[in-house]
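Enquirer: Input: one structure, supplied below.
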Amino acid sequence: MKPVLKRVLAIGGALVGCGAAVLGIYVIRMTSAFDASMERVYDVPIPGTTRSTDPAVIARGKHLVESLGACSTRDCHGADLGGGATLQLGPLGTLSGPNITPGGIGVAYSDGELARLLMYGIKRDGRGIRLMPAQDFGWLPDPDITAMVSYLRTVPPVARPSGPNIVKPLAKILDRRDQLQFDVARRLVGVPRQVPPPPSTSVEYGRFLGKLCTGCHGERLSGGPIPGAPPSLPVPLNITPHESGIRDWAYADFEKLITTGVRKNGLALNPFMPYEALAKLDDTERHALWNYLRSVPPLSSGQR
């Protein structure tokens, strides 16, 4: 082999080795930061929330748990709240919504601790929870949080073990890059809770409801592949008023989608889409969400 070629190969090998070392350091730094954050104990006071036995309050809580909270969906805590399906997310990890009935972890929480979990994603031991999207509904006013707690105290105990939860390095890196949200509490603690307007069909109220959509469709709601997701997961659709989204939709098309899981073109949604929770929205909530989606900037698909 000629000396020049040997030098070129040697330099190339050194560069590859250097790149691998830099990548390894980056992975270690990001995953370590994630792990340290998940071990942090937050000094957030436990609210003085006390469950109510008022049937109207419990009914409101049931509505919120089944709709805006999306707690009783198949891929979250399950229809009976005794634990959801185990999601195999490939390089991201394996996730399972736990049993939150009195037969599961629900029995260990006081009313105040449960309210804090819903508002800030902080567990009983003061550490942050993984993935539970408290950012989607933690804005609910205190009476609604009390209503959710009150309803959860009424559900029958389910004796079913919770499934596994494994967050792999790629998910940790994407979380630290703010491309996915697995570490919930660090994004909520220290940030003043937003005060929503009273429920109405307004765009402003719909903007709060629209937080339910951002986890999958992205902050700008234009959909596209979820970073790091395995091929088995569906690609979220564009739900902005763009020609590649819902520009040509009428409210009737939207209502059909969220109540039946069937799109305007007649195709069924992938079961990963929690339309069973959206189907529980009341008429005011449906119109508010629709009005908000029609108001956002139209973007082509994939501009998450």
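The values are calculated or read from the model by the stated rules, or taken from the named source; none is laboratory data. All values derive from a computational prediction rather than experimental measurement. In this analysis, Cβ positions are derived from the backbone assuming ideal geometry, glycine residues included, and neighbour counts consider all displayed protein chains. Quick note on the areas: whole protein, heavy atoms, side chains included, nothing else; ligands and nucleic acids left out. Shrake-Rupley method; radii C 1.70, N 1.55, O 1.52, S 1.80 Å.
Enquirer: When the chain is fully extended, how far beyond the present Cα-Cα distance does Ser202 get from Ile166, taking 0.36 nm per residue of separation?
Expert: That pair, Ser202 and Ile166, stretches by 9.0 nm at full extension.
Enquirer: Next question, about the same structure. Could you tell me the distance between the Cα centroids of region 158-198 and region 201-219, to the nearest Å?
Expert: What the calculation gives is 17 Å, centre to centre.
Enquirer: Same structure again: Take a quick pass over the chain and tell me how many lysine pairs come in under 18 angstrom between Cα atoms, counting only ones 8 or more apart or on separate chains.
Expert: The number of close lysine pairs in the chain is 4.
Enquirer: Where nothing but the Cβ of Lys and Arg (+1) and of Asp and Glu (-1) is charged, how large is the charge dipole of the chain around its Cα centre, in debye to the nearest 20?
Expert: Roughly 1260 debye, rounded to the nearest 20.
Enquirer: How far, in nm, would the chain grow between Asp178 and Asp43 when pulled straight, counting 0.36 nm per residue and subtracting the alpha carbon separation?
Expert: Between Asp178 and Asp43, full extension yields 46.3 nm more.
Enquirer: Of [x] 32; [y] 16; [z] 26, which one was derived for percent of Cα pairs over 32 Å apart from the structure shown?
Expert: Only one listed value fits the structure, namely [x].
Enquirer: Additional query: What ³J(HN,Hα) values, in whole Hz, does the Karplus curve 6.51 cos²θ - 1.76 cosθ + 1.60 give for region 206-217 when θ = phi - 60°, with x put for Gly and Pro?
Expert: Residue by residue, region 206-217 yields x, 5, 5, 5, x, 4, 4, 8, 6, x, 9, 8 Hz.
Enquirer: May I pose another question? Once amide H atoms are placed 1.01 Å from N in the peptide plane, what residues at a sequence separation of 5 or more from Lys123, or on another chain, have their amide H within under 5 Å of its amide H?
Expert: Here Gly128, Ile129 satisfy the definition.
Enquirer: Where does the chain land at 222 nm, in deg cm²/dmol rounded to the nearest 500, when only DSSP H runs of n ≥ 4 count, each adding -39500 (n - 2.57), divided by all residues?
Expert: That calculation yields -12500 deg cm²/dmol at 222 nm.
Enquirer: Name the residue farthest towards the positive end of the dipole of region 200-255 from the options Thr201, Pro234, Ile246, assuming +1 on Cβ of Lys and Arg, -1 on Cβ of Asp and Glu, about the Cα centre.
Expert: Of Thr201, Pro234, Ile246, it is Pro234.
Enquirer: Rounded to a whole number, what % of the accessible area of the chain do carbon and sulfur atoms account for, probe 1.4 Å?
Expert: With neighbouring chains kept in place, the figure for the chain is 61 percent.
Enquirer: Could I ask something else about it? Would you give the gap between the C-alpha center of region 36-72 and the C-alpha center of region 240-258, rounded to a whole Å?
Expert: 32
Enquirer: Compute the helix-to-body angle for 142-152: its Cα long axis versus the longest principal axis of the chain, expressed 0 to 90° and rounded to tens.
Expert: Roughly 90 degrees between the two axes.
Enquirer: Which Cα, out of Trp139, Val158, Met119, lies furthest along the positive dipole direction of region 82-183 (beta carbon charges, K/R +1, D/E -1)?
Expert: Of the candidates, Val158 comes out farthest on the positive side.
Enquirer: Still on this structure: Grab the beta carbon distance between Val27 and Ala108, set R0 = 41 Å, and tell me the FRET efficiency rounded to 0.05.
Expert: Between Val27 and Ala108 the formula returns 0.75.
Enquirer: Also, quick follow-up: For Leu180, what residues show an amide H to amide H distance below 5 Å, using hydrogens built from the backbone and excluding near sequence neighbours?
Expert: Here Asp175 satisfy the definition.
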